[in-house]
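The values are calculated or read from the model by the stated rules, or taken from the named source; none is laboratory data. Computed from a predicted structure; not experimentally measured. Neighbour counts run over all protein chains shown; Cβ positions are idealised from the backbone, glycine included.
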Amino acid sequence: MENILAVIILFPFIGFLINGILGKKLPTFVIASIGCIAPLASFGLSLFTLQGIPLTQRIFDWITVGNFTINFGLTIDGLSRIMLFVVTGVGFLIHLYSIGYMKHDKGFARYFSYLNLFMASMLILIMADNLLLMFVGWEGVGLCSYLLIGFWFEDLKNADAGKKAFIVNRVGDFGFILGMFFLYTIFDTLTMSEIGRIISLDENNTYTEALLIVPTLLLFLGACGKSAQIPLYVWLPDAMAGPTPVSALIHAATMVTAGIYMLSRLHFLFLLTPFTMDIIGVTATLTALMTAIIALGQNDIKKILAYSTISQLGYMFMGAAASDFSSGIFHLTTHAFFKALLFLSAGAVIHALQGEQDITKMGGLRGIQGMGFIFIVFLIGALALSGVPPFAGFFSKDEILAALYTKAQNGNFLWLCMWISALITAMLTALYTFRLIFIAFFGKCNLTSEKLHHIHKPDWSMKIALFMLGGLSIIGGIFGEIIHESEIPTIVPEGHSLNLILSICVVTLGITLAYIIYIHKRFAVKAQRLITNKFYIDEIYELIIIKPLRMFASILWRLIDRAIIDSFFVNGIAFVSQATSRQLKTIHTGMINRSLFIMVIGVLVILMYVLVRI
């Protein structure tokens, strides 16, 4: 049974090779079939792992240097099994949706080859049994995000967005690498199950918080990069430059979930470092709250959902920071369903309106022929994101709120503030989500007559994917029980009924405010400039990081490169060589007697040197 693990990864990798190498020669139907069959086959094989028995496959010895050995080993347990189904299941639906969305794009084969490589990289990440192999998948999804965000690279803005994602993530990856170095120094292994076993057998409390605080903080820095937490979240909103299905894949099923997955996989380390858990909690709380506020000031339909993703990732980290890792994974799972639904629904809107993304230029979409189905699935996703019962997001968000409240019950003022902030964020989530719904789908239609008369209806493949994700967004709460049985650490919540009541109240308040402000136009106010401009975070980075680095690079270029290296070493050595050659060439006249005379002089000089040495 364990031999199927490598095959699960192999299917999307083969799809990547076929479409990447032969794609230009293949018909569109064949390209789409290969691209979709690959993740579907991986999903089908994943069903064989449902027995609940941990599986491990050691494929080959990967790196051997002295006593240091790393295997290319894969493992499946309760946690990775959940991620496996999320990645392959939601990933397949996004591939299926892409058939209709991208069918007229000239880079159709290249697109599907990148998607398949993305899937293969993410599968390596979640099934790796050691940190170094996990890092290979970690870097693989980073590469694919660069390729897909900048997919339409003819537009400089798209290319720049891809570079921004790649560079910002390198900062987090540097932390991941350093964290690995520290862990190998401490445990003499990078195999995650072995590290967990060593800690479980530590009866003398050898592995103290003081010893583990630095590696756990460094690993969290890596998670901040991949899962877009403060201060490394700035790449994710710009990831909207790629095709909309790419946004769904990155935001829902693959890359951004890597950080919370890594924390959950190494929960035995983080549980030993309360200080690190507090840092994670504070960072996640600030991220969730700030980006929810920023989402209120956005008019681009994809940017609103992008900031929503960052905010919801903050929720997941808050659950993990409260030592309830299962609640974070539960929200990761339900979020994959409803956020993929929302992004793909937004893509259907953009597709129908020939590329229009500004919600203020839409209005009344629900009443336009051909848009009714899109409105229904968008509304389902909005209700799930807002946490309205009985939709999927309600159950997972409620567990995180309960975990935070339990921590706050212990008299910790910091965690009380986090719990209150989480409730405020829940209200803001409902507010910005239904702001989008009310502006885009209700009220007066603001579309131009040209766009109004050329509505592109969603393709069959798009409708099937949206229908399936809509169903999962409704019934996704049932996955909570499966997750709780997967041996991921959880806590028994206190005051659960209070959280239920407050959660429903704040969500109702958020939707009501959105209705009053954007439907009845009472107390209607424009978003403050601070919110609209995203707290000027990008401008601050430009001022304090990018501009000083450019100035420093300019100084190095002028002083070191041009003045020293070019002028002295390169041009100086060339000048000395030329001058010496000019002088030496004068003694070569072509006359034999002069050449013999010079040779005799040389021999005499050598003989004199030898005699002096003797």
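From the residues in region 38-65 that are of a type in the set (Phe, Trp, Tyr) and farther than 19 Å from residue 16 by Cα, which one is surrounded by the fewest Cβ atoms within 10 Å (Cβ to Cβ)? Give the derivation first.
If we filter region 38-65 for residues that are of a type in the set (Phe, Trp, Tyr), which is where we start, we get 43, 48, 60, 62.
Now restrict to residues that are farther than 19 Å from residue 16 by Cα: 48, 60, 62.
Numbers: 48: 12, 60: 7, 62: 15.
The residue in question is 60.
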Practice task
Go through the residues of region 324-331 one by one and say whether even a single one is without any contact (Cβ under 8 Å) to a residue 60 or more places away in the chain and in contact with a Gly (Cβ under 9 Å, 6 or more places away or on another chain).
Solution key: no
Completion exercise
Result of the Cβ filter at 8 Å on region 46-69, keeping first residues that are assigned to a loop (DSSP other than H, G, I, E, B) and partners that are surrounded by 13 or more Cβ atoms within 10 Å (Cβ to Cβ) and β-branched (Val, Ile, Thr), at least 6 apart or interchain, is 54/75; 54/76
Handout entry: Pair list, Cβ under 9 Å, 6 or more apart: region 252-273 residue of a type in the set (S, T, N, Q), other residue part of a loop (DSSP other than H, G, I, E, B)
Key = 257/227; 264/488; 264/489
Fill in the blank from the handout: residue 228 fails exactly one of (1) at positive phi; (2) assigned by TED's automatic domain parsing to the domain that holds residue 115; (3) of a type in the set (A, V, I, L, M), namely (2)
Handout entry: Those residues of region 50-68 which are out of contact with any Ser or Thr (no Cβ under 6 Å at 6 or more places or on another chain) and not hydrophobic (A, V, I, L, M, F, W, C), in sequence order
Key = 51, 52, 54, 57, 58, 61, 64, 66, 67
Problem - Only one of 336, 322 that is more than 17 Å from the chain's Cα centre (by Cα) and of a type in the set (Gly, Ala, Ser) - result: 322
Handout entry: Of all residues making up region 19-37, the number that are without any contact (Cβ under 8 Å) to a residue 40 or more places away in the chain and either crowded, with 20+ Cβ neighbours inside 10 Å or not in a helix (DSSP H, G or I) (or both)
Key = 1
Fill in the blank from the handout: When region 348-397 is checked residue by residue, the ones that are more than 24 Å from the chain's Cα centre (by Cα), at negative phi and among the small types (Gly, Ala, Ser) are 352, 367, 372
Practice task
Test residue 60 against the criterion of being assigned by TED's automatic domain parsing to the domain that holds residue 132, touching a helix residue (DSSP H, G or I) at 6+ places or on another chain (Cβ under 7 Å) and modelled with pLDDT under 90, and give yes or no.
Solution key: no
Practice task
Go through region 363-388 residue by residue and tally those that are at pLDDT below 90 and surrounded by fewer than 24 Cβ atoms within 10 Å (Cβ to Cβ).
Solution key: 9
Exercise for the section: Give the residue, chosen from 87, 136, that is buried (at least 18 other Cβ atoms within 10 Å of the Cβ), in contact with a helix residue (DSSP H, G or I) (Cβ under 8 Å, 6 or more places away or on another chain), among the hydrophobic types (A, V, I, L, M, F, W, C) and not assigned by TED's automatic domain parsing to the domain that holds residue 465. Expected result: 87
Problem - Residue under evaluation residue 592, criteria (1) hydrophobic (A, V, I, L, M, F, W, C); (2) surrounded by fewer than 11 Cβ atoms within 10 Å (Cβ to Cβ); (3) more than 37 Å from the chain's Cα centre (by Cα); (4) modelled with pLDDT of 80 or more, criterion not met - result: (4)
Handout entry: Check on residue 246, closer than 24 Å to residue 337 by Cβ and touching a Leu at 6+ places or on another chain (Cβ under 7 Å)
Key = yes
Practice task
Looking only at region 488-497, decide whether some residue is farther than 23 Å from residue 232 by Cβ, at pLDDT 80 or above, among the aliphatic types (A, V, I, L, M) and out of contact with any Leu (no Cβ under 6 Å at 6 or more places or on another chain).
Solution key: no
Problem - Which numbered condition residue 41 misses (of (1) closer than 22 Å to residue 192 by Cα; (2) free of Cβ contacts under 8 Å to residues at least 40 places away in the same chain; (3) not aromatic (Phe, Trp, Tyr)) - result: (1)
Handout entry: Failed condition for residue 282, given (1) crowded, with 22+ Cβ neighbours inside 10 Å; (2) in a helix (DSSP H, G or I)
Key = (1)
Problem - Given (1) touching a residue at least 12 places away in the same chain (Cβ under 8 Å); (2) surrounded by fewer than 24 Cβ atoms within 10 Å (Cβ to Cβ), number of the condition residue 355 does not satisfy - result: (1)
